[in-house]
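The values are calculated or read from the model by the stated rules, or taken from the named source; none is laboratory data. Computed from a predicted structure; not experimentally measured. Cβ: placed from backbone, ideal geometry, glycine included. Neighbour counts: every protein chain shown.
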Amino acid sequence: MTDSRDPVTQYPFLPTLRELVRTYQAFSLVDEAQIRTYGLTASQFDVVATLGNTNGMTMSDLAEKTLVTKGTLTGIVDRLEAKQFVRREVPEGDRRCFKVVLTEAGEALFQEIFPKHMAFLQERFDRLEMSELELLGVLLRRVRSAFAD
């Protein structure tokens with residue numbers, strides 16, 4: 001007889017949820033430690049990487065394209081601006097908003113650290129077969145769609 005008070009019996013998705021969280025935690029721990037060696041936080045790296053090879057973006061576009069919430073984006077941009085990696089520019093013809101643009105130092109930082117970080121991640125993802133990566137992508141998109149309303 002199964003115990004209806006057993007969380008796994010009652011919620012069969014629970015082991016998968018735990019594994020998803022553990023996987024994210026393991027990834028974050030390794031990823032963020034590597035990013036800190038560049039003198040950035042993970043969120044700062046995300047913004048620099050997103051702005052790299054672009055002509056800049058509005059805060060709205062930047063918030064949409066990064067993994068950073070809109071509420072924290074202003075502080076991240078402020079700190080990157082203090083490090084002289086980004087600047088705010090008012091676009092010609094639209095003084096209601098501004099673009100965030102990498103400075104020369106920011107572009108140099110992007111050119112230096114982005115390929116290094118991708119190589120670092122590649123070493124880990126190379127441990128998986130291409131078919132596994134493809135299947136994982138499909139399954140993760142399905143899980144995400146289950147939570148998108």
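Quick notes
- Near pairs, Cβ below 7 angstrom, 6+ apart or cross-chain, from the range 25-39 (at positive phi) to any residue that is in a helix (DSSP H, G or I) and surrounded by 12 or more Cβ atoms within 10 Å (Cβ to Cβ): none
- For the criterion of being modelled with pLDDT of 95 or more and of a type outside the set (Lys, Arg), Asp78 passes.
- The range 47-62: number of residues that are surrounded by fewer than 19 Cβ atoms within 10 Å (Cβ to Cβ) and free of Cβ contacts under 8 Å to residues at least 60 places away in the same chain: 9
- The residues listed here are Val48, Val100, Val68; of these, the one that is farther than 26 Å from Arg18 by Cα and not in a helix (DSSP H, G or I) is Val100.
- Test: residue in the range 125-145 that is surrounded by 11 or more Cβ atoms within 10 Å (Cβ to Cβ), within 30 Å of Glu19 (Cα to Cα), more than 16 Å from the chain's Cα centre (by Cα) and among the acidic types (Asp, Glu): yes
- Candidate set from the range 75-97 (those that are small (Gly, Ala, Ser) and within 24 Å of the chain's Cα centre (by Cα)); member that is surrounded by the fewest Cβ atoms within 10 Å (Cβ to Cβ): Ala82
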